[in-house]
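Please read the structure below before turning to the comments.
The numbers here are math on the coordinates, done by the rules we state, and not lab data. In this text, all values refer to a predicted model and were calculated from it rather than measured experimentally. Heads up, the Cβs are rebuilt from the backbone with ideal geometry, glycines too, and the neighbour counts pull from every protein chain shown.
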Amino acid sequence: MKQLLTLLTFFVFMLGGCSPDYSIIVSGGETIYEEVEVPVYIETEVPSDPGEIWVDSFFQPQSVDGVDILWIIDTSGSMNQYDEELLAGIEAMLNALPESGWRLAMTSNDPAMASIEAQFPLVPGDDMEDAEDMYEAMGRGHREEGLDAAYEYLVNNSYAQTWLRPDAALLIVQVSDEEDQSDDHFADVDDFKSWYAAQRNGSAYISSIVTHDASVSVCERAPSSMNVGDRYMEVTNYFSGVILDVCSEDWSTGVTDASSRLEPHENIQLTHEAIEESIRVFIDGSLNYDWYYQSSDNTVYFTVIPAGNSLVEVGYRYFPDEEDTGMDTATN
């Protein structure tokens, strides 16, 4: 997660001592000057470097025993055109995952289908032929309700309970070319946020591959505003996940980024070329010093790995005319 902030460039510190000043008291026609204490404030510029201010940040994943991955896929007719990109994206994830500890399943974003999907997940050692077989055998539906489908699969699907692991991290990848239309469990997006945040002791993540607004979409034909996946993107942003345009020709980079966010981060490569002396690191809002900066790769390395679920923010100044590194996520 990154965000350009308008920050105060001055911190105001109140000293323990005070300086004398005088108040004027008029009593019985006589003017009396009485000494009083007035607090002294000193303005200190922090830091004094020029340039723009930028903050790169991420939520530290918990160290967990493996990861359960669920692709919730729009199975309506309009999605057939993305079969090639979808399978390539799944292949990219299989290649990015560790050699052990993961399980991956697919289900329709029709809640009725999600509640009865009964295929054992892909596991380490399975290949793309196995993934293609799972995709072909997956139940199809026409209701495009990805948030409700997540609940039905994770909570009400009795077969899913045979392989889902409560001590593993959870990653959902929502794929749809239309807006979420959930109207049962999660007509209100905030209800989904609250429910999903409570899953896996906070080690629950989400990414989405959805239709973007016409102003930023890479589709050849401008998409209708009614198909923009605003609800999916809202929950993905809430959980600091990866969002990809469904019209992108290559989903692999976004899918690989989503996979990399499941392990605790030992460093973060900065988005811009930082002015080194301006770098400040905050963990859950507190200034932190357990790190060092390496200019050769524009990366902050942590000498003490931030705890799971902590918010890590790296603020710094940069010159706008410098070229970006093209990186804005933490790496292991």
Förster radius 41 Å - calculated FRET efficiency between Ala197 and Met226, Cβ distance, rounded to 0.05: 0.90
Positive dipole terminus of region 67-260, leading residue within Thr236, Met79, Gly202 (C-beta point charges): Gly202
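How large is the charge dipole for region 100-223, taken about the Cα centre, if only the Cβ atoms of Lys, Arg (+1) and Asp, Glu (-1) carry charge, to the nearest 20 debye? Walk me through the numbers before you get to the answer.
Values: 7 positive and 25 negative charges, 106 e Å.
I would put it at about 500 debye.
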Which three extents, in whole angstrom, do the alpha-carbon atoms of region 247-319 cover along their principal axes, largest first? 40, 32, 20
Where the eigenvalues come from the Cα gyration tensor of region 41-183, what are the semi-axes √(5λ) of the equivalent ellipsoid, largest first, in whole Å? 36, 20, 17
Simple spin-label estimate for Ser100/Ile116, 7 Å along Cα→Cβ, in nm, reads 3.8 nm
Net lengthening on full extension, Met128/His142 (0.36 nm per residue, minus Cα-Cα): 2.5 nm
Cβ crowding within 10 Å averaged over residues, with 161-169, 228-236 ranked highest first: 228-236, 161-169
Over region 67-260, relative contact order from alpha-carbon pairs under 8 Å, at least 6 apart, %: 25 percent
Taking 8 Å as the Cα distance limit and 6 or more residues as the minimum spacing, I'd like the relative contact order of region 85-132 as a percentage. 42 percent
How far apart, in nm, are two points set 7 Å out from the Cα along the Cα-to-Cβ line at Ala307 and at Val155? 3.0 nm
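Determine, for each peptide in 274-280, 215-221, the mean count of other beta carbons within 10 angstrom over its residues, then list the peptides with the highest first.
On the way: 274-280: 16.6, 215-221: 10.1.
Peptide ranking by packing, descending: 274-280, 215-221.
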